[in-house]
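What follows is a single structure, written as structure tokens, with notes after it.
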Amino acid sequence: MSDNVAARLEREKQFHDHAFADNVRAPVRKYYTVVERSRKRYTHLIASGCSGKSVLEYGCGTGSAAFHLAQRGARVIGIDISPVAIEKATAMARELGIEDRLTFTTMDAEHLEFADASFDLVCGTGVLHHLSLDQAYKEIARVLKTSGRAVFSEPLGHNLLINLYRRLTPRYRTVDEHPLLGKDLVKAKRFFGRVDVDYYHLLGLAAVPFRRLPFFPQLLSVLDSVDAFLLRLPSVRNQAWMIVMVLASPRKE
């Protein structure tokens with residue numbers, strides 16, 4: 001491992017230890033009040049038929065999907081670069097009484113400590129954009145079974161207004177993160193025979209200031225419906241805030 005890579009991983013570990021310990025990102029949670037549509041899609045994709053399956057979750061904590069998957073009968077391993085995240089997730093599994101069905105461990109997602117073809121499903125939310133994609137895609141393809149798939153929910157990096165907000169609030173993110181670009185989605189095709197991408201949340205973000213008002217659900221539903229139409233257009237979809245990506249038919253080296 002090069003000194004640059006080691007330094008990047010250490011920065012990520014320190015940031016996320018701090019974030020999990022001190023709830024650093026609490027002020028941005030208001031924006032996630034509008035992500036129900038993409039969250040439902042992601043949850044459906046990872047939970048459908050998961051009983052009895054072996055699952056690897058990239059990135060975990062008290063909000064991890066690993067708990068839901070384990071409760072539905074999956075055998076789950078959750079990894080994170082942050083020991084604080086692992087400690088909190090392990091404690092929560094113990095409290096829920098499901099520690100026999102899932103394991104959390106500190107690990108570098110770019111250098112997985114698992115044998116080839118170990119998992120039916122690899123999943124994660126907001127993780128890939130913290131990683132070297134060449135190495136991450138390669139490792140995901142390696143540990144997936146031939147019939148397996150990977151599902152990720154990730155932010156995009158094309159929208160000028162969203163990028164302005166990111167530049168104005170650097171304390172809420174790491175210096176090395178890189179919201180995905182179109183070229184990053186194309187790159188995935190080098191490692192997977194099938195790459196499916198759904199785009200979410202553009203006009204829906206305008207509902208955030210109204211999140212505490214009674215008409216918020218109706219407003220968001222209307223804006224989501226408009227987004228569903230607009231984000232089917234190739235000229236518009238890269239302006240979305242988030243994507244849900246399915247990677248299948250891994251190419252083995």
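The values are calculated or read from the model by the stated rules, or taken from the named source; none is laboratory data. This one's a predicted model, so the numbers in the text were calculated from it and none came from an experiment. Cβ atoms come from the backbone with ideal geometry, glycine included; neighbour counts cover every protein chain shown.
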Name the helices (runs of 4 or more DSSP H) wholly inside the range 136-253 in which the number of residues that are among the basic types (Lys, Arg) and farther than 25 Å from residue 65 by Cβ is 1 or more.
160-168, 182-187
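Residues are listed down the side, and each one gets a yes or a no for (1) acidic (Asp, Glu); (2) over 20 Å from residue 135 (Cβ atoms):
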{"position": "159", "(1), (2)": "no, yes"}
{"position": "176", "(1), (2)": "yes, no"}
{"position": "184", "(1), (2)": "yes, no"}
{"position": "200", "(1), (2)": "no, yes"}
{"position": "228", "(1), (2)": "no, yes"}
{"position": "237", "(1), (2)": "no, yes"}
{"position": "240", "(1), (2)": "no, yes"}
{"position": "249", "(1), (2)": "no, no"}
Identify the residue in the range 60-74 that is crowded, with 17+ Cβ neighbours inside 10 Å and in a helix (DSSP H, G or I) and, among all such residues, is farthest from the chain's Cα centre (by Cα).
70
The one condition in (1) assigned to a loop (DSSP other than H, G, I, E, B); (2) buried (at least 18 other Cβ atoms within 10 Å of the Cβ) that residue 113 fails to fulfil
(2)
Would you mind finding the one in 125, 146 that is under 20 Å from residue 44 (Cβ atoms) and in contact (Cβ under 8 Å) with a residue 60 or more places away in the chain?
125
Among 86, 77, which is the only one that is part of a strand (DSSP E or B) and either under 18 Å from the mean Cα position of the chain (by Cα) or of a type in the set (Asp, Glu) (or both)?
77
Check whether at least one residue in the range 156-169 is closer than 18 Å to residue 249 by Cβ and crowded, with 19+ Cβ neighbours inside 10 Å, and report yes or no.
no
I'd like the residue in the range 1-48 that is surrounded by fewer than 13 Cβ atoms within 10 Å (Cβ to Cβ) and part of a loop (DSSP other than H, G, I, E, B) and, out of all such residues, is modelled with the lowest pLDDT.
1
Cβ-Cβ distance below 7 Å, separation of 6 or more or different chains: which pairs start in the range 96-112 with a residue that is more than 21 Å from residue 72 (Cβ to Cβ) and end on one that is of a type in the set (Gly, Ala, Ser) and buried (at least 18 other Cβ atoms within 10 Å of the Cβ)?
109/136; 110/136
Between residues in the range 186-197 that are in contact (Cβ under 8 Å) with a residue 12 or more places away in the chain and residues that are surrounded by 13 or more Cβ atoms within 10 Å (Cβ to Cβ) and aromatic (Phe, Trp, Tyr), which pairs lie under 9 Å by C-beta distance while being six or more apart or on different chains?
187/137; 188/137; 190/137; 191/137; 192/137
